[in-house]
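Down below is the structure, laid out as structure tokens.
The values are calculated or read from the model by the stated rules, or taken from the named source; none is laboratory data. A quick note: this is a predicted structure, and the numbers were derived from the prediction, not measured. Positions of Cβ are generated from backbone atoms using ideal geometry, with glycine treated the same way; all protein chains shown enter the neighbour counts. Side chains are part of the model used for accessible areas, which takes the heavy atoms of the whole protein and leaves out ligands, DNA and RNA. Shrake-Rupley method; radii C 1.70, N 1.55, O 1.52, S 1.80 Å.
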Amino acid sequence: MTNFNFLLLPGDGIGPEVMSETRRVIDWFNGRSNTTGNSFDVEEELVGGASIDASGIPVADGTVEKALVADAVLLGAVGGPKWDELPFDQKPERGLLRLRKELELFANLRPAICYSALADASSLKRELVEGLDLLIVRELTGGVYFGEPRGISELENGERRGINTQVYTTSEIRRVVRIAIELAQKRGSRLCSVEKANVMESGVLWRQEAQWVCDNEYADSGIEMSHMYADNCAMQLVRQPKQFDVIVTDNLFGDMLSDEAAMLTGSLGMLPSASLGAADENGRRKALYEPVHGSAPDITGQGVANPLAMIGSLAMALKYSCDMGDEADMLDRAIANVLDNGLRTGDIMQAGMQQASTEDMGKAVVAELEAMSA
Ligand code: IPM
Ligand code: MG
């Protein structure tokens, strides 16, 4: 019997609402610890604007320390109009960026799966997206997000100058490419590495190092590696998204391409993500799981947010942090069944379907789990 330690950081906006439905699912698994052999201890802390309001900073040191020792961190969302005017280094988003950096979560897994029940909600034609299952692996602790020098300075001529630095080293590229290859091996074995090697030296290095890892460390792995410029990739994603299996790319391109890919599936509100660090001697990785969607201030507090991306993030935690692949699959199936049964939150509502609240969705997922395990 393993007892896992989860740190829950609901954060801002709809974060607390979708987190409480996720807790409902965790409680259900705890009620079945005799069968699964595992149980979960959960602790909650503040992050983002909620933390700013309580203590003036977007994440407290004590919270970062708890995150460092947790088996998994589950985060809801950060940010909102209330904190938009704060200086850059005090914004809610800094709390999330600090956690990513201090936990060294360099590999961000963003699956884009099109549930067949939702294919018509996509802005693309059904035949282009139905059955879509691609995975974007985004580098998360380097590149222009953290590169130095950065800042805004005054020039002698009275102008101002804003600067950020896109920078990558060999080891930063290789470690994220390795994770992408290992994941691709468990899927369709096709990996597309994305950069702008036609205009950026960091892109040239990215392309060379990605190919190096494939040729030297995974020579007989059967991985089919290709390279694509980021602008072309953005275009190909709307032209023919099913051509991709796994995409590996840098922090900034990954931010943009994963939003694009998420929207293709019919709802941003449906997609989970995992951010993983290096494996320690026991094979354990630091990990943070969060929905791809944001804090959605426009619908906060109304009980209408879609909790499925957060619940799907729990499924990823079961799979990657708890070695509970069967339970993760079961939870993913429960989510798909709830959709097949016609339940919809507002963001994915379609004619003829049944409108559900955040709580209805959470309860329906638990009911499906219950039915499956009966
Ligand atoms: C994301 C978000 C974050 C990012 C923000 C909230 C800092 O857009 O996780 O994709 O840019 O990485
Ligand atoms: Mg983003």
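Carbon and sulfur together cover what percent of the accessible area of segment 133-264 at a 1.4 Å probe radius?
Heavy-atom surface of segment 133-264 belonging to carbon and sulfur, 1.4 Å probe: 49 percent.
For E370, tell me the accessible area in Å² from a 1.4 Å probe, rounded to the nearest 10.
Solvent-accessible area, nearest 10 Å²: 100 Å².
Which residue fluctuates most in the GNM of the chain (Cα springs below 10 Å): R160, R187, R178?
R160
Just the number please: accessible area per residue for the chain, 1.4 Å probe, all protein chains included, in Å².
43 Å²
Assuming a viscosity of 1.306 mPa s and a temperature of 10 °C, what translational diffusion coefficient in µm² per second does Stokes-Einstein assign to segment 52-105, Rh being the Kirkwood radius over Cα pairs?
135 µm²/s
If you take every residue apart from F244 with its C-beta less than 10 Å away from the C-beta of F244, what net charge results, scoring Lys and Arg +1 and Asp and Glu -1?
That works out to 0.
For the chain, evaluate the Debye formula with one uniform point scatterer on each Cα (no solvent term) and list log10 I(q)/I(0) at q = 0.06 Å⁻¹, rounded to two decimals.
-0.22
I want to check the label-to-label distance for Q243 and R174. Put each point 7 Å from Cα in the C-beta direction and report it in nm to one decimal.
3.1 nm
Would you calculate the convex hull of the Cα atoms in segment 245-302 and tell me its volume per residue in Å³?
So the per-residue hull volume is 132 Å³.
Using helices alone, what [θ] at 222 nm do you get for the chain, with -39,500 (n - 2.57) per DSSP H run of 4 or more residues, divided over all residues and rounded to the nearest 500?
Result for the chain, helices only: -13000 deg cm²/dmol.
Skipping prolines and chain starts, which residues have an amide H placed within reach, meaning under 5 Å, of the one on G76, given they are 5 or more residues away or on another chain?
L9, G11
What accessible surface, in Å², does a 1.4 Å probe find on S116, ignoring ligands, DNA and RNA and rounding to the nearest 10?
In the full protein context, S116 sits at about 70 Å².
Label points 7 Å out from Cα along the Cβ direction at K363 and E43: separation in nm?
3.2 nm
What number results when the radius of gyration of segment 133-264, computed over Cα atoms, is divided by 2.2 N^0.38 Å?
Against the compact-globule rule of thumb, the ratio is 1.15.
Modelling each spin label as a point 7 Å along the Cα-to-Cβ direction, I'd like the N5/K82 distance in nm, to one decimal.
3.0 nm
Please give the contour-minus-distance gain from N34 to A374: 0.36 nm per residue of separation, less the Cα-Cα distance, rounded to one decimal in nm.
Between N34 and A374, full extension yields an extra 121.0 nm.
For segment 133-264, give the share of DSSP beta bridges that are antiparallel, in percent and rounded to the nearest 5; count only bridges with both residues there.
About 20 percent, rounded to the nearest 5.
Whole angstrom only: what separates the Cα centroid of segment 247-283 from the Cα centroid of segment 336-366?
Their Cα centres are 24 Å away from one another.
Counting only the heavy atoms of the protein chains, how much of L205 is accessible to a 1.4 Å probe, in Å² to the nearest 10?
About 50 Å², ignoring ligands and nucleic acids.
Find the relative contact order for the chain and round it to a whole percent, using C-alpha pairs within less than 8 Å whose residues are 6+ positions apart.
Value for the chain: 21 percent.
Report the calculated FRET efficiency for Q185 and D298 (r = Cβ-Cβ distance, R0 = 45 Å), to the nearest 0.05.
0.65
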